[in-house]
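Working notes, beginning with the structure itself.
The values are calculated or read from the model by the stated rules, or taken from the named source; none is laboratory data. The shown structure was predicted, so the numbers you read here are calculated from the model rather than taken from an experiment. Cβ: placed from backbone, ideal geometry, glycine included. Neighbour counts: every protein chain shown. Quick note on the areas: whole protein, heavy atoms, side chains included, nothing else; ligands and nucleic acids left out. Shrake-Rupley method; radii C 1.70, N 1.55, O 1.52, S 1.80 Å.
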Amino acid sequence: MAQRSWLGALAGAALGAVAARAAYTAFTRRPPIGDEKTWTRTNHRGEPITLLEGPAFVAGAGAAAALVPGLPGRVRAAAVLAGAGAGGLGAYDDLRGSGASKGFKGHLTALARGEVTSGAVKILGIGAAGLAAAALLPRAPKGAGARLADTLIDGALIAGAANLANLFDLRPGRAIKVGLLAGGPLVAASLAKDAPAGAALAAVPLGAGIALLPEDLGERAMLGDAGANALGALLGVAAASSLGRPARLAALGVVAGLTAASEKVSFTKVIAGNPVLNRLDMLGRRPR
């Protein structure tokens, strides 16, 4: 059984990597919408950079989740729905967002005064996609109240993880590195429990992220909202489908706490001010 878990993890990572790399190659030749200029933005150095890494991650990780062997049908459907839903809404914000309102507070404040921003559409849409994905996940036999509570917890975890991953996508490679740090323990926990399906599911976004990391670190491309939202959502599904309720509540608390903190402090300043975090953040990057 342990061998099956290792094979599941390797299969998930390999499929995610191959599919994401193939999608990136295809999209850089022919973007999924518009042309190359449609996806070009200016990075933190003031240099042009493409957002096509994001759609490539969404397509690659989604295809891998749909094809990786050993996943129960409902888990597979939840992963595809969460990844595609969060990624699609992120792409909408990438292409249509104005940047006038930022963060949960900014978008909800604008919504309260009758202004529907692309960010508000994304927040509400990802929340709905997270709940829908959570409702698809199989549950152990128990009362209706317990099943509803699990669905709400998992929906909040999936949507919250999708949003949190995007908050780290402000410097080259950062969101993917955070994804690896969060997803690695999920893979390890599934291996420890001899759970091939959990190992395969958690490994899919990690493989896709690793395959695209050279483009990100080289400042040739970035995940954008599309890729970062999908990365977080897929890790959220992996956590929701493999962890017990106490661990899921703990993970949700961490996600909610970091999201709330982001409204008050700059993650970039905190990372730059901590020698260990700064070293990890700069690993593989061009010098400042």
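Some points to look at:
- Output for the stretch 35-50, where each listed residue is under 17 Å from GLY97 (Cα atoms) and in contact with a Leu (Cβ under 8 Å, 6 or more places away or on another chain): THR38, TRP39, THR40, ARG41
- Selection within the stretch 60-82 - touching a Pro at 6+ places or on another chain (Cβ under 8 Å) and either modelled with pLDDT under 95 or open to solvent by 20 Å² or more (accessible area, probe 1.4 Å) (or both): GLY70, PRO72, ARG74
- Filtered by the rule that a residue be part of a helix (DSSP H, G or I), in contact (Cβ under 8 Å) with a residue 40 or more places away in the chain and more than 19 Å from ILE176 (Cα to Cα), the stretch 57-84 gives LEU67, ARG74, VAL75, ALA77, ALA78, LEU81.
- Search result, residues across the stretch 26-56 that are β-branched (Val, Ile, Thr) and in contact (Cβ under 8 Å) with a residue 24 or more places away in the chain: THR28, ILE33, THR38, ILE49, THR50
- Of all residues in the stretch 253-277, those that are under 22 Å from the mean Cα position of the chain (by Cα) and assigned to a helix (DSSP H, G or I) total 15.
- Qualifying residue in the stretch 8-31 (condition: open to solvent by 40 Å² or more (accessible area, probe 1.4 Å) and outside any helix (DSSP H, G or I)): yes
- The residues of the stretch 8-23 that are over 10 Å from ALA211 (Cα atoms) and touching a residue at least 60 places away in the same chain (Cβ under 8 Å), listed by number, are GLY8, ALA9, LEU10, ALA11, GLY12, LEU15.
- Any hit, the stretch 227-241, residues being open to solvent by 30 Å² or more (accessible area, probe 1.4 Å) and either hydroxyl-bearing (Ser, Thr, Tyr) or assigned to a helix (DSSP H, G or I) (or both): yes
- The set of residues in the stretch 83-94 that are surrounded by fewer than 24 Cβ atoms within 10 Å (Cβ to Cβ) and hydrophobic (A, V, I, L, M, F, W, C) contains only ALA84.
- Of the criteria (1) under 29 Å from LEU95 (Cα atoms); (2) open to solvent by 20 Å² or more (accessible area, probe 1.4 Å); (3) touching a Leu at 6+ places or on another chain (Cβ under 9 Å); (4) of a type outside the set (S, T, N, Q), which one MET282 fails: (3)
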